[in-house]
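Have a look at the structure below before the remarks.
The values are calculated or read from the model by the stated rules, or taken from the named source; none is laboratory data. Since the structure is predicted, the reported quantities are computational estimates derived from the model, not experimental observations. So basically every Cβ, Gly included, is an ideal-geometry build from the backbone, and we count neighbours across all protein chains shown.
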Amino acid sequence: MLSLFRITDVSAHCDLPCGVYDPAQARIEAESIKAIIAKVADNPDPDFRMRATIIKEQRSELVKHHLWVLWTDYFKAPHFEKYPQLHTLFNEATKLAGAAGTKGEFDAGRADELLGKIDEIARVFAETKAA
Amino acid sequence: MAPTYRDGDLLLVIRGLSPRVGRAAVVRLPPDAAGRPRPLSVKRVTRRSADEPRRWWVDSDNAAEGVSSAHVGTLTSDDVVAVVVARVRRG
């Protein structure tokens, strides 16, 4: 009768990656970049422009970082199968945050393109969360 | 699975029951991205897969830390090895 009962160790969680992911993180940084570009357009002060440049580069790096975390940690092989455009989306979005995009330029149009790509990623993300 | 369960809790589980949505279960998780095996785990079965009737979505009650189907995809009924019936002793 006793052999019916057996004590086994099980874990409640087992990974350090915290499991909290949200494209909103990348979006907030991209919004910040867009606002910096608008502020610089209205302000000829060279010191202000220098600070804006530095901050804009930092924010662009943060956009890339947050997108990379989603790309490598959140999305899994089945997601890439179901949404074959995902790899290209991430590649284009991180490029838009790079030297040829918001990091290197003061171009509000680039910032809007970047926000558009992040929104496309966010739509896929929301679908995978709802699945 | 905090706050529901904590380290050292003793749970009574029944092997071989079919998964019930809403119930905690002992599950086998697939290996992590580096191919390392994950330990046998307690997760909450939160819904049946929309596409396949014998696959289950599992969540952690501790969503901020726990691994869930968002990371590992849905699990087959075979990987849900037991259903938690009760906690016998607080850890």
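Listed values, structure above:
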quantity	calculated
Residue match in the range A:96-114 (condition: crowded, with 21+ Cβ neighbours inside 10 Å and either in contact with a His (Cβ under 8 Å, 6 or more places away or on another chain) or among the hydroxyl-bearing types (Ser, Thr, Tyr) (or both))	yes
The range A:63-88, subset crowded, with 18+ Cβ neighbours inside 10 Å, part of a helix (DSSP H, G or I) and of a type in the set (A, V, I, L, M, F, W, C), residue farthest from the chain's Cα centre (by Cα)	A:Leu86
Strands (runs of 3 or more DSSP E) fully within chain B counting 1 or more residues that are more than 17 Å from A:Lys76 (Cβ to Cβ)	B:10-15, B:24-27, B:41-48, B:80-89
Exclusive hit being in a loop (DSSP other than H, G, I, E, B) and either touching a helix residue (DSSP H, G or I) at 6+ places or on another chain (Cβ under 7 Å) or modelled with pLDDT of 95 or more (or both), set A:Gly109, A:Gly101, A:Gly116	A:Gly101
All positions within the range B:14-62 that are touching a residue at least 40 places away in the same chain (Cβ under 8 Å), within 11 Å of another protein chain (Cβ to nearest Cβ) and over 14 Å from B:Asp79 (Cβ atoms)	B:Ile14, B:Ala24, B:Arg44, B:Ser60, B:Asp61, B:Asn62
Matching option when the condition is in contact with a Ser or Thr (Cβ under 7 Å, 6 or more places away or on another chain) and either within 25 Å of A:Glu81 (Cα to Cα) or surrounded by fewer than 16 Cβ atoms within 10 Å (Cβ to Cβ) (or both), among B:Val72, B:Val67	B:Val67
